[in-house]
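Some notes on the structure that comes next.
The values are calculated or read from the model by the stated rules, or taken from the named source; none is laboratory data. Not measured: the values here are computed from a predicted model. FYI the Cβ positions are ideal-geometry reconstructions off the backbone, even for glycines, and counts take in every protein chain you see.
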Amino acid sequence: MTKPNQLSQVRSLIMDMDGVVRRGHVPIPGASEFLSFLRQHGIAFLLLTNNSTLTSKQYAASLQEIGIDTGEDSILTAGEATAMYLAQAAVPGTEVYVVGEEGLRTELLKRGFVLHEGPDVAFVVVGLDRQFTYDKMTMATRAILRGARFIGTNPDKGFPAPDGLVPGAGAVLAGIEAATGVAPLIIGKPQRAIFELALQKLAADTATTAMLGDRLETDIHGGSQMGLLTILVLSGVTDAEQLASSTIHPDLVYQDVAVLHQAWKGALTRQDAAPSGHATHR
């Protein structure tokens, strides 16, 4: 498996959203200009998020509100990827018990699944659910013990909020796994399933595709497993100290997308030269 060894060879880019182009409801400086640069140079891109609470259309609208212009076709959520995966494994009309929010439920309904509130279902699909209750855990547990396949949108145990760290989908999954003794099949990053769906949506080849993210254990680890050029920005979850002590090594490291933008411009100008000194090569 080959991958680009420098920025000038990249023709498609999969990138994380939170920590890369925005922090909460605030755009990261230079994000809009970076996306414009990609469009100008014909570099296809896809914003890939492990969050399943909103639909791609809702994410596009929220990004538009903070000045980041991108259509829903350029966004893939873990909820949509999970629904796409299940659509390849089951027929429309299949009954599913969902622990999750509007984004996940909408994507499953869009593909013809029936959302059932009892334990006699083919799948239990779990994402982040900020209204998670003991009753929901009980129903999911009973369904899985009756033979339903246990599917998780993503493994993120927590994520940063304006007032500190809050539990993520992985924390909900862990509770249900503890109750059932059954591990979920994870669709989101760092698993291959979501990267394969992202590559399909981009009509991209691994040999000319890079993964850009701020999390070592999901974005960078997952991209590396797929054979993609991996680019870490230090504007989100991972800081320089965590990077230095990690066993996961990105190919390139930049402070943020504004610095990456300048390095990429230089790489395209020189074509076969290495990225600028702002990058760390590994």
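When the residues of segment 127-171 are filtered to those that are in contact with a Lys or Arg (Cβ under 9 Å, 6 or more places away or on another chain) and not in a loop (DSSP other than H, G, I, E, B), the one that is modelled with the lowest pLDDT is PRO160. Of all residues in segment 172-214, those being closer than 20 Å to VAL126 by Cβ and part of a loop (DSSP other than H, G, I, E, B) number 9. What about GLY93, is it without any contact (Cβ under 8 Å) to a residue 24 or more places away in the chain, in contact with a Phe, Trp or Tyr (Cβ under 9 Å, 6 or more places away or on another chain) and either part of a loop (DSSP other than H, G, I, E, B) or within 20 Å of PHE150 (Cβ to Cβ) (or both)? Answer is yes for this residue.
If the condition is being part of a loop (DSSP other than H, G, I, E, B), within 26 Å of ASP239 (Cβ to Cβ) and hydrophobic (A, V, I, L, M, F, W, C), then segment 1-24 contributes VAL10, MET17, VAL20, VAL21. For segment 243-256, the tally of residues that are exposed (fewer than 10 other Cβ atoms within 10 Å of the Cβ) and either part of a helix (DSSP H, G or I) or not polar (S, T, N, Q) (or both) stands at 2. Do we have any residue at all in segment 129-138 that's buried (at least 23 other Cβ atoms within 10 Å of the Cβ), touching a residue at least 12 places away in the same chain (Cβ under 8 Å) and not assigned by TED's automatic domain parsing to the domain that holds MET15? No: zero hits.
Of the residues making up segment 65-85, those that are in a helix (DSSP H, G or I) and under 21 Å from ILE14 (Cβ atoms) are GLU72, ASP73, SER74, ALA78, GLY79, GLU80, ALA81, THR82, ALA83, MET84, TYR85. In segment 114-126, the residue that is surrounded by the fewest Cβ atoms within 10 Å (Cβ to Cβ) out of those that are part of a loop (DSSP other than H, G, I, E, B) and among the aliphatic types (A, V, I, L, M) is ALA122. Residues of segment 106-122 that are under 28 Å from SER62 (Cβ atoms) and touching a residue at least 12 places away in the same chain (Cβ under 8 Å): THR106, GLU107, LEU108, LYS110, ARG111, GLY112, PHE113, LEU115. In segment 222-237, the residues that are without any contact (Cβ under 8 Å) to a residue 24 or more places away in the chain form Cβ pairs under 8 Å with partners that are part of a loop (DSSP other than H, G, I, E, B) and β-branched (Val, Ile, Thr), at six or more places apart or across chains, as follows: LEU232/THR238. If the condition is being surrounded by 18 or more Cβ atoms within 10 Å (Cβ to Cβ) and assigned to a helix (DSSP H, G or I), then segment 218-242 contributes THR218, ASP219, ILE220, HIS221, GLY222, GLY223, SER224. Only one of the numbered conditions (1) among the polar types (S, T, N, Q); (2) crowded, with 23+ Cβ neighbours inside 10 Å; (3) within 14 Å of ILE14 (Cβ to Cβ); (4) in contact (Cβ under 8 Å) with a residue 40 or more places away in the chain is not met by THR206, and that is (2). Among the residues of segment 22-44, those that are at pLDDT 95 or above and crowded, with 21+ Cβ neighbours inside 10 Å comprise ALA31, PHE34, LEU35.
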